[in-house]
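Peer 1: First the structure, which I've put down as structure tokens, then a few questions once you've had a look.
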Amino acid sequence: MRTLPDTYSWLGTADPEFLDLAIREIEAADPQATVCRLEGAPGLVWVGGRCSFAALAEAWQAVPPIFLRHLCPIHQEYLFPEGSLGALTLADSLLASIHPDLTFSVQTRLFGKLNLRPFQVNQALAEQVISATGAPLEVKDPQQILSVLILALADGIRVYIGLSHARQNLSNWAGGIHRFRRDPGQISRAEWKLLEAIQVFQIPTVAGGRALDLGAAPGGWTRVLRQHGQEVTAVDPAELDRRLAQDPGIHHYRLSAQAYLDRHPGRFHLILNDMRMDSRDSARLMVNFAPHLEPGGAGVMTLKLPSHHRLQVLQQALRILQGAFPVVKARHLFHNRSEVTVYLQTLATEDLPLPL
């Protein structure tokens, strides 16, 4: 694979509400980094560091940060006078770095009062790439991404452009903003949280698998699980949406999660928990259900974070989970609000220790 020009400056994106925690993640990875919030662009920071973009991106592929949602390098930077945006031309060195045999996409984000739309920038720059390299354009799942950020500021219009392999950006979506079309049959906004988690964590949904949905009402996650071919046991004292009532693949128990656990349920391939409760109590509940996951099974849950001491509460909840699950991954996803989505996994059968 062609080597991209390395750079020590890059852009990071997080939810504005969690930007402070994302900056802490950046500073922990590169203590000598200079991190500056971008004026007029909530949730974005400019980073100039001692560690290169490529080195940080490689490290974060193995252990992704929780709150930093997206990053992209800076290879070109322009400042146009106030009120005018000149023609954007990709540098020859940048065009030469684009691999002609790999798919590419242009992702543009605009902030401030600008008389243009992202697709106009995408189209203009994509034409330059195709003309110079012949690389195939692929918007949904590209292998290389040309990231563009345009800011309308008091002193003019600033433009940042960078090229990266898609895997380096933490997300294939511009700014990590992962949008889904609204389904006419959608029960709740929570469905988007699970859909995003399935893609981000590559959650296994085996056809005909058994899934347990704790705190299921009104049934958004149950509906998504059914769409992925799962037989669902939905547990919640409240009623499910009436559109789910006639589905023979859904078994609803009008009980609390603890009362259902006391009945000694069987084993499941997936256990999900989107219950509104203290993160540490929710983590303890999932630990209690861990013996009911099949070998190689997975859990998905959200940890609701308080207004104060968020990081402390999150770390306490993750430590509780790590006592029962060999794999614990946490990310603040685009469709999360004041919560973090956690992916849990048990060992596969071949990984289990042999009996003495």
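Bear in mind that the values in this text are calculations on the coordinates, not laboratory data. Since the model is a prediction, treat every value here as computed from it, not as a measurement. Cβ coordinates were reconstructed from backbone atoms using ideal geometry, including for glycine residues, and neighbour counts include every protein chain displayed.
Peer 1: If the cut-off is a Cα-Cα distance under 30 Å, which lysines reach LYS193, setting aside same-chain residues fewer than 8 apart in sequence?
Peer 2: Partners within reach: LYS140, LYS304, LYS329.
Peer 1: So what is the diffusion coefficient of segment 9-176 in µm² per second by Stokes-Einstein at 10 °C and 1.306 mPa s, using a Kirkwood Rh over Cα pairs?
Peer 2: Values: Rh = 16.2 Å.
Answer, rounded: 98 µm²/s.
Peer 1: Would you mind calculating the relative contact order of the chain from Cα pairs under 8 angstrom and at least 6 residues apart, reporting the percent as a whole number?
Peer 2: Details: 698 pairs, mean separation 45.9, N = 356.
RCO, the chain: 13 percent.
Peer 1: As a footprinting exposure proxy, order VAL235, VAL287 by other Cβ within 10 Å, with the fewest listed first.
Peer 2: The most exposed by this proxy come first: VAL287, VAL235.
Peer 1: In debye, nearest 20, what is the charge dipole magnitude of segment 160-269 about its Cα centre with +1 on Lys and Arg Cβ and -1 on Asp and Glu Cβ, if you could check?
Peer 2: Value, rounded to 20: 220 debye.
Peer 1: Then there is this: Take every Cα-Cα pair in segment 190-351 and report what % of them are more than 24 Å apart.
Peer 2: Working: 3658 of 13041 pairs.
The calculated P(r) of segment 190-351 puts 28 percent of pairs beyond 24 Å.
Peer 1: Another question, if that's okay. Which of the listed residues, GLN315, GLY208, THR222, is farthest toward the dipole's positive end in segment 190-351, when Lys, Arg count +1 and Asp, Glu count -1 at the beta-carbon?
Peer 2: Checking the options against the dipole of segment 190-351, the answer is GLN315.
Peer 1: Another question, then. Considering only DSSP beta bridges whose two residues both sit in the chain, what percent are antiparallel, to the nearest 5?
Peer 2: 60
Peer 1: Given only helices, namely DSSP H runs of n ≥ 4 each adding -39500 (n - 2.57), what is the per-residue ellipticity at 222 nm of the chain, to the nearest 500 deg cm²/dmol? Walk me through the intermediate numbers first.
Peer 2: Numbers: 9 runs with 92 residues, N = 356.
Roughly -7500 deg cm²/dmol at 222 nm, from the helical runs in the chain.
Peer 1: I'd like the FRET efficiency for GLN61 and ARG254, computed as 1/(1 + (r/R0)^6) with the beta carbon distance as r and R0 of 35 Å, rounded to 0.05.
Peer 2: 0.20
Peer 1: Tally Lys and Arg at +1 and Asp and Glu at -1 over the other residues with C-beta under 13 Å from the C-beta of ILE203: what net charge comes out?
Peer 2: Numbers: positive: LYS193, LYS329, ARG331; negative: GLU196.
Computed value for this residue: +2.
Peer 1: Could you sort 6-16, 125-135 so that the peptide with the highest average Cβ count within 10 Å comes first and the rest follow in order?
Peer 2: Averaged packing, sorted descending, gives the order 6-16, 125-135.
Peer 1: Alpha carbons only, please: Rg and Dmax for segment 35-81, in angstrom.
Peer 2: Cα-based Rg and Dmax for segment 35-81 come out at 12.5, 41 Å.
Peer 1: Determine, for PHE180, PHE53, PHE201, the number of other Cβ atoms within 10 Å of each Cβ, and report the residues in order from fewest to most.
Peer 2: PHE180, PHE201, PHE53
Peer 1: Continuing with the same structure: Residues with beta-carbon under 13 Å from that of GLU339, excluding GLU339: net charge, scoring Lys, Arg +1 and Asp, Glu -1?
Peer 2: +2
Peer 1: How do THR89, THR103 line up, fewest other C-beta atoms within 10 Å first?
Peer 2: THR89, THR103
Peer 1: With each pseudo-label sitting 7 Å past Cα toward Cβ, what's the ASP183-ASN115 distance in nm, one decimal?
Peer 2: Using points 7 Å along Cα→Cβ, the separation is 4.3 nm.
Peer 1: What are the DSSP H helices in the chain that stretch 20 Å or more along their long axis, judged by alpha-carbon atoms, and whose average Kyte-Doolittle hydropathy comes to at least -1.0?
Peer 2: What comes out of the filter, once short or polar helices are dropped, is 118-133.
Peer 1: Okay, next question. If you restrict to DSSP beta bridges whose two residues both lie in segment 9-176, what percentage is antiparallel, to the nearest 5?
Peer 2: Expressed as a percentage, antiparallel bridges in segment 9-176 total about 75.
Peer 1: Further question: Provide Rg over Rh for segment 180-224; use the alpha carbon set for both Rg and the Kirkwood Rh (inverse mean inverse pair distance).
Peer 2: Details: Rg = 10.9 Å, Rh = 11.4 Å.
Using only Cα positions, Rg/Rh for segment 180-224 is 0.95.
Peer 1: Where does the charge balance sit around MET286 when Lys and Arg score +1, Asp and Glu -1, over other residues with C-beta under 12 Å from its C-beta?
Peer 2: 0
Peer 1: In debye, nearest 20: dipole of the chain around its Cα centre with unit charges on the Cβ of K, R (+) and D, E (-)?
Peer 2: With Lys and Arg at +1 and Asp and Glu at -1, about 720 debye.
Peer 1: At 0.890 mPa s and 25 °C, plugging the Kirkwood radius over alpha-carbon pairs of segment 197-287 into Stokes-Einstein gives what diffusion coefficient in µm²/s?
Peer 2: Rounded, D is 183 µm²/s.
Peer 1: Per residue, how big is the convex hull of the chain when only Cα atoms are used? Give it in Å³. All intermediate terms of the calculation are to be shown ahead of the outcome.
Peer 2: On the way: hull volume 61.0 nm³, N = 356.
Value for the chain: 171 Å³ per residue.
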